[in-house]
Amino acid sequence: MTTRLQAGDIAPEFTLSDDTDQSVSLADFRGQRVIVYFYPAALTPGCTTQACDFSDSLDALAAQGYAVLGISPDAPAKLAKFRAKEGLTITLLSDPDKSTLTAYGAFGEKKLYGKTVVGVIRSTFVVDADGVIADARYNVKATGHVAKLRHDLGL
């Protein structure tokens, strides 16, 4: 069973490549709040809905001091295609070896159409300015998730 993080845990550090092959680290955002979300695959319907919802909300989130990082196992080239096709404005990061996904408990056994499979667990974490997890959500739904998160954060 994958270890799950919870509020009060230190957010695992990471440095990953973005869709332009530039390195992005969680530490780059120290001093501001960050929403880190994990999704299974770029250019799929649910992941597109979620990424577009975060992009559409980015200005409102940024106005309240939040950055948004979307992480999947996809290669940077696929993330670049995803950004271009959907007009995404959020930061997309590549975790091909799934080490960051695993550190956050966002990779492991899950139910898919009634079967137990191993894969990416759609998850979202709010990391505070000091690098501590303020909120951890696992098995979130792609549709409506961003609106619920914004509501729960009082935005």
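Looking at the P(r) of the chain, how many percent of alpha-carbon pairs lie beyond 24 Å?
Details: 3047 of 11935 pairs.
Percentage above 24 Å: 26.
Using DSSP to define loop residues, name the chymotrypsin sites (Phe, Trp or Tyr not before Pro) in the stretch 74-155 whose beta-carbon has at most 12 other beta-carbon atoms within 10 Å.
Values: sites: Phe82, Tyr104, Phe107, Tyr113, Phe125, Tyr138; in loops: Tyr104, Tyr113.
When the chymotrypsin sites (Phe, Trp or Tyr not before Pro) of the stretch 74-155 are filtered for loop state and at most 12 Cβ neighbours within 10 Å, Tyr113 remain.
What full-extension length gain, to one decimal in nm, is calculated for Glu86 and Ser23 as 0.36 nm per residue of separation minus the Cα-Cα distance?
Details: separation 63, 0.36 × 63 = 22.68 nm, distance 2.22 nm.
Extending this stretch completely gives an extra 20.5 nm.
Which percent, nearest 5, of DSSP beta bridges in the chain are antiparallel?
Values: 22 of 32 bridges.
In the chain, DSSP labels about 70 percent of beta bridges as antiparallel.
How far is the Cα center of the stretch 5-19 from the Cα center of the stretch 128-154, in Å?
If we compute the Cα centre of each part, the gap is 14 Å.
Say R0 is 25 Å: what FRET efficiency, to the nearest 0.05, do Ala7 and Ala41 get from their beta-carbon distance?
So, using R0 = 25 Å, E works out to roughly 0.35.
So if we plug the beta-carbon distance of Lys115 and Ala75 into 1/(1 + (r/R0)^6) with R0 = 35 Å, what FRET efficiency do we get, rounded to 0.05?
After rounding to 0.05, the efficiency reads 0.85.
Are there any trypsin sites (Lys or Arg not before Pro) in the stretch 74-155 that are in a DSSP loop and have at most 16 other Cβ atoms within 10 Å? List them by number. Please report the intermediate quantities before stating the final value.
Values: sites: Lys78, Lys81, Arg83, Lys85, Lys98, Lys110, Lys111, Lys115, Arg122, Arg137, Lys141, Lys148, Arg150; in loops: Lys98, Arg122, Lys141.
Answer in residue order: Lys141.
So what's the net charge close to Asp56: Lys and Arg +1, Asp and Glu -1, counting the other residues with Cβ under 13 Å from its Cβ?
On the way: positive: Arg150; negative: Asp53, Asp59, Glu86.
With Lys, Arg at +1 and Asp, Glu at -1, the neighbours total -2.
The numbers here are math on the coordinates, done by the rules we state, and not lab data. All values derive from a computational prediction rather than experimental measurement. Positions of Cβ are generated from backbone atoms using ideal geometry, with glycine treated the same way; all protein chains shown enter the neighbour counts.
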